[in-house]
Amino acid sequence: MIQSRSRLRMNGVHISHPHSFLSGKSLGAGENKVVIEAYPGPGALSRALLRLPKSKIRKLIILESWDRFYQYLKPLEAVDPRVTVLPIDGYTWDSYSVIEEKGLLDDVMKHDWNAGIHPELHFIAQLPHGVYGEQFFSQLFRCMPTKSWLFKYGRVPMSLVLSQPMWDRGTAPYATNARCKVSVIAEATSQLQNAVRPSELQPYDDHFHPSTSRVVSKKAESKRAGQPHVAVNVVPHQDQLIRSDQLDHWDYVLRRLFVLKSTPLKNAMNSLAPGAPTLLKVLTDPELPPEERVNINDKIKNLTIKDWALIVRAFYNWPFSPEDLTFSNAEDFGPGREG
């Protein structure tokens, strides 16, 4: 996993101007930031962040578990007292417990969720190619309704560099073929924003490592090298559409129904559980106001975020819904789950 991660070059151009993440029109703009950076590679972005004044960043906590890159990063501690470099993996939950145990977040306040975006804490990462990056991306959104991971400190903003295909899946609007579980969860939990114009990160070989000319492996992860990338800002919504006690129900319903994304809802409900089609009457009850009804003739991919909320609510309240909603799937691991 570590060796196959796509990395920023030492001479990255536009991403080396981190104002797009922390200043101006960024959703996460602020002063006196404590920044946690995961997947830094050899540290192009890390060094760019340190060029910002101390009034902008007071602390930079860098997580890098691959020794080859760690050796590039560790010397930064000697030249800038704001830096702490830890040889731990940003993918795993325990890494963030290590940060806390070392007291690195003792000076970070827990900000009331309803009092705005967290003014101090900020998470930055370039997500790796392949399944691990996609799982990590998905888990970031799943942590918001439960206020777990870094979100226990409040509405912590995030700035991410990721592949264009991964971003397209996460932001796919309803009624498109790319619409999926991740895009529904992302829409329900967060506001998303391009930090820079995608064209500013092209061509790929001018900004990212390894260059396409150096990739010789036939592995799926290597084949993704050269894909367009985007830089984005993400912040949690104040009002979370997904209730913390219903997250597993959202996961279950979305997973089951998106297998049949081109099927009308009325024909797909049986995939939830035996007897689930009885919920169609609940969703179309003429006694309900129009805004609380669902058009069961719509295809799964055409359902709006409002429709999904109504479907999950009906499933959650159904006395015959399955007791075991868990999935044996790697997506359920990462920073959103302990173990």
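The values are calculated or read from the model by the stated rules, or taken from the named source; none is laboratory data. This structure is a prediction, so every number in the text was calculated from the model and none was measured. FYI the Cβ positions are ideal-geometry reconstructions off the backbone, even for glycines, and counts take in every protein chain you see. The protein model used for the area step is the full one, side chains on, heavy atoms only, and it has no ligands, DNA or RNA in it. Shrake-Rupley method; radii C 1.70, N 1.55, O 1.52, S 1.80 Å.
Here are some notes:
- Among the residues of segment 260-299, those that are part of a loop (DSSP other than H, G, I, E, B), open to solvent by less than 70 Å² (accessible area, probe 1.4 Å) and under 20 Å from D248 (Cα atoms) comprise L260, K261, L272, A273, G275.
- Residue in segment 216-227 that is polar (S, T, N, Q), open to solvent by less than 30 Å² (accessible area, probe 1.4 Å) and at pLDDT 80 or above present: no
- Within segment 146-176, being part of a helix (DSSP H, G or I), open to solvent by 10 Å² or more (accessible area, probe 1.4 Å) and over 23 Å from V98 (Cβ atoms) holds for Q164, P165, M166, W167, D168, R169, T171.
- Contact map, segment 145-170: first residue on the phi > 0 side of the Ramachandran plot and of a type outside the set (F, W, Y), second residue assigned to a loop (DSSP other than H, G, I, E, B) and buried (at least 24 other Cβ atoms within 10 Å of the Cβ), Cβ cut-off under 8 Å, separation 6 or more or different chains; pairs are G154/H118.
- Single condition Y91 does not satisfy, out of (1) in a loop (DSSP other than H, G, I, E, B); (2) open to solvent by 40 Å² or more (accessible area, probe 1.4 Å); (3) of a type outside the set (S, T, N, Q): (2)
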